[in-house]
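Enquirer: This is the structure, below, for whatever I ask next.
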Amino acid sequence: ISWDGIVDLSREATPFASLIDVDQPQFAQPQIDMPQVIRDYCKKTGQIQPGSIGEVARCVYESLALKFRYYFGILAKFSGQDFEVIHLVGGGTQNKLLCQWISDASGIPVIAGPTETTAVGNLLMQLKADGEIDNVEEGRKISLASSKVDKYEPQDKAKWDEVYSKYLEMTKIL
């Protein structure tokens, strides 16, 4: 099954049926059967165990989006700044559903792209070394002008706020 197929299946699964704390050590270990590790976590925390690939993927995507909110809250608190935008780069930006959910969960617009950041970054550093561009800011302008970026606006704030409160309680991270 393709990544797009997994995203499509996750879109069809029941919202917020199961959530995980993606920072737990069992999710960082290379596992033979990660869906089973997720099911075991959900069982241990008294949640519905996701059965299908779509349910597992939705659990992971929603949990990642909620964790983004958590960490951006910490960054805002300690920096004294409110963030006006989250800029995501790399291959994960191809998952439009996850990008939208990160925006929804955080309440912050998301700009997604460019996708090939490593290659673009290497090229820009070569241009800088050759004197073709003067500084990093000029390189960023070139990168954004020559790359596809998508923008996602937050939606369903009340729903995500309610789920976030439950997520914090369930994961006991605050």
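Enquirer: Applying a 10 Å radius around every beta-carbon, put 91-104, 142-155, 20-33 in order of their mean neighbour count, most first.
Expert: So the peptides 91-104, 142-155, 20-33, ranked by packing, come out 91-104, 142-155, 20-33.
Enquirer: Extension gain residue 134-residue 34, at 0.36 nm per residue separation less the Cα-Cα distance, in nm?
Expert: Values: separation 100, 0.36 × 100 = 36.00 nm, distance 4.62 nm.
Additional length available on full extension: 31.4 nm.
Enquirer: Under unit Cβ charges (Lys, Arg +1; Asp, Glu -1), what dipole magnitude, rounded to 20 debye, does the chain have relative to its Cα centre?
Expert: Working: 18 positive and 24 negative charges, 94 e Å.
Magnitude of the dipole: close to 460 debye.
Enquirer: Going out from 0 in 10 Å bins, what whole percent of all Cα-Cα distances in the range 76-174 drops into each bin?
Expert: Calculated P(r), rounded to whole percents: 14, 32, 31, 16, 6, 1.
Enquirer: Excluding residue 57 itself, calculate the net charge of residues whose Cβ lies under 11 Å from the Cβ of residue 57, where each Lys or Arg counts +1 and each Asp or Glu counts -1.
Expert: Around residue 57, the charge tally is -2.
Enquirer: Towards the positive end of the charge dipole of the chain, with charges on Cβ (+1 Lys, Arg; -1 Asp, Glu), say which of 129, 46, 9 has the farthest Cα.
Expert: 46
Enquirer: Still on this structure, please answer the following. Given +1 on the Cβ of Lys and Arg, -1 on the Cβ of Asp and Glu, and no further charges, what dipole in debye does the range 25-127 carry about its Cα centre, rounded to the nearest 20? Mind dumping the intermediate values first?
Expert: Numbers: 8 positive and 8 negative charges, 54 e Å.
Charge dipole of the range 25-127: 260 debye, to the nearest 20.
Enquirer: What is the angle, in °, between the Cα long axis of helix 117-129 and the longest principal axis of the Cα atoms in the chain? Nearest 10 is fine, range 0 to 90.
Expert: Roughly 20 degrees between the two axes.
Enquirer: If each of residue 4 and residue 75 carries a label point 7 Å out from its Cα toward its Cβ, how far apart are those two points in nm?
Expert: Between residue 4 and residue 75, the label points sit 3.0 nm apart.
Enquirer: Mind pulling the angle between the C-alpha long axis of helix 34-44 and the longest principal axis of the chain? Nearest 10 degrees, somewhere in 0 to 90.
Expert: Computed tilt is about 50 degrees.
Enquirer: Suppose each label sits 7 Å from its Cα in the direction of the beta carbon; what would the residue 26-residue 151 distance come out to in nanometres?
Expert: Here the answer is 4.2 nm between the modelled labels.
Enquirer: Rounding to the nearest 20 debye, state how big the charge dipole of the range 73-155 is about its Cα centre with +1 on each Lys and Arg Cβ and -1 on each Asp and Glu Cβ.
Expert: 200
Enquirer: Which of 97, 111, 59 sits farthest toward the positive end of the charge dipole of the range 30-122, with +1 on the Cβ of Lys and Arg and -1 on the Cβ of Asp and Glu?
Expert: Toward the positive end, the furthest listed residue is 59.
Enquirer: Give or take rounding to whole Å, what are the principal axis extents of the alpha carbon atoms in the chain, in descending order?
Expert: 59, 40, 28
Enquirer: Here is a further query. Add +1 for every Lys or Arg and -1 for every Asp or Glu among the other residues with Cβ under 15 Å from the Cβ of residue 31, and state the total.
Expert: -1
Enquirer: Here's something else I'd like to know. Around residue 133, with a cut-off of 11 angstrom between Cβ atoms, what is the net charge of the other residues, counting Lys and Arg +1 and Asp and Glu -1?
Expert: After counting each charged neighbour, the total is -2.
Each value in this text was obtained by applying a stated rule to the coordinates, not by laboratory testing. Because the structure is a prediction, the values reported are computed rather than measured. Because the Cβ atoms are built from the backbone with ideal geometry, glycine has one as well, and the counts that use them run over all protein chains shown.
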